[in-house]
Structures are given as C-alpha cells and as structure tokens.
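A short write-up of the structure that comes next.
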Amino acid sequence: QLAASGLSGLSFYPVHKRHIVALRWEQWDPAAEAPPEYPASGEPEDFVWERPHDPELAAQLGLIWEVRLQPHAVVRRVQEGEHSWEVAIFVEEASWDGTDLFQAEGVGYRFASERAKQWLDAMVPAWVSFTPVGDGQRVNPALF
C-alpha cells in the first residue's frame, strides 16, 4: 500500500533476515507502564539478541522491505537555552523540494509533507505520531 500510495521520497530495499526471533510483543498491553517481561540484562536490544534465530519463522514472514529516505531539505538550529540540548530545529523552507517523506542533513528525524501525514494518519494511525516543525514563520512539514 505504501509503494502504491504515490508518496514521493521512498526507496525500498529487501531485508536480509539474519536474526528473526519469536517474541509476541504485539500482544502486550500498549497502555501498560512497562512490558510484561524484561531481558536479564535490562537492555531493550536483548529482547531480540537473547533469543535464538528462528529460521522457520523467518521463512513464514516472506519478504520484508526496508524503506529508506534521503535528505531533501536543510535544517537550522536555534539555541533556546544555556544547555546544548536546548535547541529548536527548523526546516529551511526554501531548501525543501516538496518530497513527501524525507530526511534532512545532520538530524535523525524523518519528515512528512501534509499529504504524507494525512495518508499515514489514515492508513496506520496507531503506528505514527507527528510533531509540527517550523521554518521560523509558520508550521511546515510534519516530523514523525
């Protein structure tokens, strides 16, 4: 559905399923304050790494695709406090080429046009959330 959405900025790459584990996290209560179990190490990545690869489950999954986004805008940082982390990030509107889903150099955020936001809100509302980003004058693409 995403590939057929008509949204620009998407590149799809097949995923090599090197470490697929049985973990029924989708059955956990999303409203709970904590998961029903923790790895012995307490590290979140060990939900996966402490479990063995399950080749049968990997085969059942079929093809899995990675969506990669490219930079299509430049951001500007404005210091808002005395600490290094107290910074506002603005999309330089003139640098954005109108791509629906994109990244910007120097930040790990993913950005969405209003059109992409509406599509994602309609198709996968439980899996995305958005925070408006500004260009210093008005709200511009949404950050997800």
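If we scan region 61-76, do we find a residue that is touching a Pro at 6+ places or on another chain (Cβ under 9 Å), within 29 Å of ARG18 (Cβ to Cβ) and of a type in the set (Val, Ile, Thr)?
Within region 61-76 (the criterion being touching a Pro at 6+ places or on another chain (Cβ under 9 Å), within 29 Å of ARG18 (Cβ to Cβ) and of a type in the set (Val, Ile, Thr)), the answer is yes, since at least one residue qualifies.
If you take the residues in region 67-122 that are among the acidic types (Asp, Glu) and over 17 Å from the mean Cα position of the chain (by Cα), which one is farthest from PHE12 (Cα to Cα)?
So, considering only residues that are among the acidic types (Asp, Glu) and over 17 Å from the mean Cα position of the chain (by Cα), the one farthest from PHE12 (Cα to Cα) is GLU82.
Here are the criteria: (1) exposed (fewer than 10 other Cβ atoms within 10 Å of the Cβ); (2) closer than 25 Å to PRO132 by Cβ. Tell me which single one LEU63 does not satisfy.
Only one criterion is unmet by LEU63, namely (2).
For VAL21, which of the numbered conditions (1) within 30 Å of ALA116 (Cα to Cα); (2) open to solvent by less than 60 Å² (accessible area, probe 1.4 Å); (3) touching a helix residue (DSSP H, G or I) at 6+ places or on another chain (Cβ under 9 Å); (4) not basic (Lys, Arg) fails to hold?
Among (1) within 30 Å of ALA116 (Cα to Cα); (2) open to solvent by less than 60 Å² (accessible area, probe 1.4 Å); (3) touching a helix residue (DSSP H, G or I) at 6+ places or on another chain (Cβ under 9 Å); (4) not basic (Lys, Arg), the lone unmet condition for VAL21 is (1).
From the set of residues in region 90-124 that are without any contact (Cβ under 8 Å) to a residue 40 or more places away in the chain and open to solvent by 80 Å² or more (accessible area, probe 1.4 Å), which is nearest to ALA4 (Cα to Cα)?
GLN118
Could you list all residues from region 41-52 that are in a loop (DSSP other than H, G, I, E, B), in contact (Cβ under 8 Å) with a residue 12 or more places away in the chain and surrounded by 12 or more Cβ atoms within 10 Å (Cβ to Cβ)?
ARG51, the sole residue that qualifies.
Do the conditions hold for VAL128, that is, is it of a type in the set (A, V, I, L, M, F, W, C) and part of a strand (DSSP E or B)?
The answer is no for VAL128.
Just checking, which of PRO55, PRO30, PRO36 is at pLDDT 95 or above, of a type outside the set (Asp, Glu) and loosely packed, with under 11 Cβ neighbours inside 10 Å?
PRO55
Scan region 18-36 for residues that are part of a loop (DSSP other than H, G, I, E, B), within 16 Å of GLU50 (Cβ to Cβ) and hydrophobic (A, V, I, L, M, F, W, C) and jot them down.
The answer is ILE20, VAL21, ALA22, LEU23.
Does at least one position in region 55-78 carry a residue that is closer than 29 Å to GLN1 by Cα, free of Cβ contacts under 8 Å to residues at least 24 places away in the same chain and not in a helix (DSSP H, G or I)?
yes
Output the number of the condition that GLU82 fails; it satisfies all remaining conditions of (1) modelled with pLDDT of 95 or more; (2) in a loop (DSSP other than H, G, I, E, B).
Of the numbered conditions (1) modelled with pLDDT of 95 or more; (2) in a loop (DSSP other than H, G, I, E, B), the odd one out for GLU82 is (1).
The values are calculated or read from the model by the stated rules, or taken from the named source; none is laboratory data. On a predicted model such as this, the values are computed, not experimentally measured, just so you know. Every residue, glycine among them, receives a Cβ derived from its backbone with ideal geometry; neighbour counts consider all protein chains shown. Surface areas here come from the heavy atoms of the whole protein model, side chains and all, with no ligands, DNA or RNA. Shrake-Rupley method; radii C 1.70, N 1.55, O 1.52, S 1.80 Å.
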